[in-house]
Amino acid sequence: VSTVRADGTYDVDYDDGDAEECVQRRFLKRSDAPLPWEPAKGSRVEARFLASSLGVVGTTWYNGVVSTVRADGTYDVDYDDGDAEECVQRRFLKRSDAPLPWEPAKGSRVEARFLASSLGVVGTTWYNGVVSTVRAD
């Protein structure tokens, strides 16, 4: 219940993101269900990319991390593939157990395709190695 109205009705925020105003008391009953998960900054999520602006038709769920929780109840999401989106509505977020994408760092043990960056992947072979430098470019 988000609001108790003077006329004896209630406004209800549903766990799935829907909301309803002026619900009569006879249509309410106590729930023992735990409070729903609420995303916080740094939460791993699946978000429906562009659904907040375009609607759900044709949109897809992608993994990401909440970068900002806004005062208006929307969220900014940094997607694992490098995209970012602002003002994502709560109903287009769900908890994700997907691991964070792996990002090589200096000293990381890796397998790399020797000369693939300069020659392309045709004919190149995977070799074990260690990342010696992480470049910004």
Fill in the blank from the handout: Dividing the mean separation of Cα pairs under 8 Å (6+ apart) by the residue count of region 24-63 yields a relative contact order in percent of 31 percent
Fill in the blank from the handout: CD proxy, 222 nm, the chain: helix-only mean residue ellipticity via -39,500 (n - 2.57) per DSSP H run with n ≥ 4, per residue, nearest 500, stands at -1000 deg cm²/dmol
Problem - Label corresponding to mean projected area of the Cα convex hull in nm² when calculated from the structure given, among (i) 13.3; (ii) 11.8; (iii) 9.3 - result: (i)
Fill in the blank from the handout: The answer for the net charge of residues other than residue 15 whose Cβ lies under 14 angstrom from its Cβ, with Lys and Arg +1 and Asp and Glu -1, is -2
Exercise for the section: Over the chain, calculate the relative contact order: mean separation of alpha carbon pairs under 8 Å at least 6 apart, over the residue count, as a percent. Expected result: 15 percent
Problem - Stretchable slack from residue 95 to residue 53, in nm (0.36 nm times residue separation minus alpha-carbon distance) - result: 13.0 nm
Completion exercise
Answer in debye to the nearest 20: the dipole magnitude of the chain about its Cα centre, from +1 Lys/Arg and -1 Asp/Glu charges placed on Cβ, is 380 debye
Practice task
Just check region 16-60 against the gyration tensor rule for me: Cα atoms, a ≥ b ≥ c as the square roots of the eigenvalues, rounded for a/c under 1.5, and otherwise prolate or oblate depending on whether a/b exceeds b/c.
Solution key: oblate
Handout entry: 3J(HN,Hα) from dihedral phi, region 69-76, Karplus parametrisation 6.51/-1.76/1.60, rounded to Hz, x for glycine, proline
Key = 9, 8, 4, 7, x, 9, 9, 9
Exercise for the section: Run down the aspartates and glutamates and flag those whose C-alpha is under 18 Å from the C-alpha of residue 106, throwing out any fewer than 8 positions away in its chain. Expected result: 137
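Any read-out appearing in this document is the output of simple, stated calculations on the displayed coordinates, not a laboratory observation. If you're wondering where the values come from, they're calculated on a predicted model, not measured in any experiment. Positions of Cβ are generated from backbone atoms using ideal geometry, with glycine treated the same way; all protein chains shown enter the neighbour counts.
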